[in-house]
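The values are calculated or read from the model by the stated rules, or taken from the named source; none is laboratory data. On a predicted model such as this, the values are computed, not experimentally measured, just so you know. FYI the Cβ positions are ideal-geometry reconstructions off the backbone, even for glycines, and counts take in every protein chain you see.
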Protein chains: 2
Amino acid sequence: MSLKHAILVLLETEPSSGYNLLKQFNEGLGYFWNAKHQQIYQQLKVLSEHRLISHTLEEQTGKPDKKVYKITDLGIEALKDWLLSPINPGKVNDALLIKIYGGHLTSDENLIEELDRHIEMHEKTLSKLLNIEKTYHTLQTEKQDEYKLPFLTLRRGIIGERAWLDWANEAKLVIKK
Amino acid sequence: MSLKHAILVLLETEPSSGYNLLKQFNEGLGYFWNAKHQQIYQQLKVLSEHRLISHTLEEQTGKPDKKVYKITDLGIEALKDWLLSPINPGKVNDALLIKIYGGHLTSDENLIEELDRHIEMHEKTLSKLLNIEKTYHTLQTEKQDEYKLPFLTLRRGIIGERAWLDWANEAKLVIKK
DNA sequence: GATATCATGTAAAAGGTTACATGATTGG
DNA sequence: CCAATCATGTAACCTTTTACATGATATC
């Protein structure tokens, strides 16, 4: 529902191609939203039709041409309106928990293996986020202040990932017991 | 994507009506998945067509008739197969974080108000979950052991909500500063 | 020679939300 | 008398995923 607004917010920070937006979603600062490339390209088309964004074509040598999108004045107005509206709480839809809940129908080994797989992924994500955090702390005080709001979304990622890992370790102990 | 499996897992524990499943999703033990009643009724239809569940009609006096669904042998097999397959990690799609990220386009008061609204909701959820946890601890040791896996999903909720609230308080301090 | 990265899209299917629809009982 | 709870569903719409599609350069 809010992919549109996620794209607008990212484009408000700086003009970007669809491909680059995808990278932002998959990497650190886009921690708060997920999207596949197909969906991003579709939404860029829709946002363009609504004149909330515009693009210029950038030719590149040795690489495919790039469409660089930027937010329009109309887009900024739409974004500001949205920012004033109350936001629905994020939803937890975690299939791993379904598996744990029904874990008596499978083996403990299966559950432990699955948990270990997920722990590995979450540890990778966490260390990525911690690296970005480190970089942030090397910035000058004014810059830190400038980026304090995006930094908070990074902090959400870090706190969230740590909590996830705490739970997973607890879960492993309970299952093995 | 996994609403089907969430329903199967719940029905494996005990037969249930669509209405009752909805309640489970909205309350504690269904912490791990969200669904509206329309979607549940739709999926119950689909699962019935695939013969993974079946239902009996229960007449009630003073209340509408109830369709009580239970999982079939075929359904249990399908569920066991799914439990053996690797599960994708849960996704974070949190519109509040989009709002924080682009918060420089709006006022601090707006951000603080929004955070407070969300804090209230999360505190309510947390206290609900803590109540269920309390009940769990009053059970006999054998019963506790029997429910240890569903209990882990409850723990995930508690740990997740606490982490969320920790972050929100940090966020308020940063924004007010 | 294989894999990753860059860079874009269309189309069909599945999943999820919103709007509409009904109607009785119970509790404040 | 109003709101909540019980109990079920259809239809239209929007969002997301999966499958299909292309093709160059850079790195191991």
| Based on what the data block shows, is B:SER54 touching a Ser or Thr at 6+ places or on another chain (Cβ under 7 Å), away from chain A (no Cβ under 14 Å) and away from DNA strand D (no atom under 12 Å from the Cβ)? | yes
| said: Take the residues in segment A:4-51 that are assigned to a loop (DSSP other than H, G, I, E, B) and within 22 Å of B:ASP94 (Cα to Cα); name whichever of them is farthest from the chain's Cα centre (by Cα). | reply: A:GLU14
| Residue count for segment B:6-34, restricted to those that are in contact (Cβ under 8 Å) with a residue 24 or more places away in the chain, among the hydrophobic types (A, V, I, L, M, F, W, C) and surrounded by fewer than 20 Cβ atoms within 10 Å (Cβ to Cβ) | 1
| request: Please specify each residue of segment A:77-98 satisfying the condition of being within 7 Å of another protein chain (Cβ to nearest Cβ) and within 16 Å of DNA strand D (Cβ to nearest atom). | output: A:LEU79, A:ILE87, A:ASN88, A:PRO89, A:GLY90, A:LYS91, A:VAL92, A:ASN93, A:ASP94, A:ALA95, A:LEU96, A:ILE98
| remark: Of the residues in segment B:91-110 that are over 29 Å from the mean Cα position of the chain (by Cα) and touching a residue at least 60 places away in the same chain (Cβ under 8 Å), the one that is surrounded by the fewest Cβ atoms within 10 Å (Cβ to Cβ) is B:ASP108
| field | Which numbered condition B:TYR41 misses (of (1) at pLDDT below 95; (2) in contact with a Gly (Cβ under 8 Å, 6 or more places away or on another chain); (3) surrounded by fewer than 17 Cβ atoms within 10 Å (Cβ to Cβ); (4) not polar (S, T, N, Q)) | value | (1)
| said: I need the helices (runs of 4 or more DSSP H) fully contained in segment A:103-177, keeping only those with at least 3 residues that are of a type in the set (Ser, Thr, Tyr) and out of contact with any Asp or Glu (no Cβ under 7 Å at 6 or more places or on another chain). | reply: A:108-137
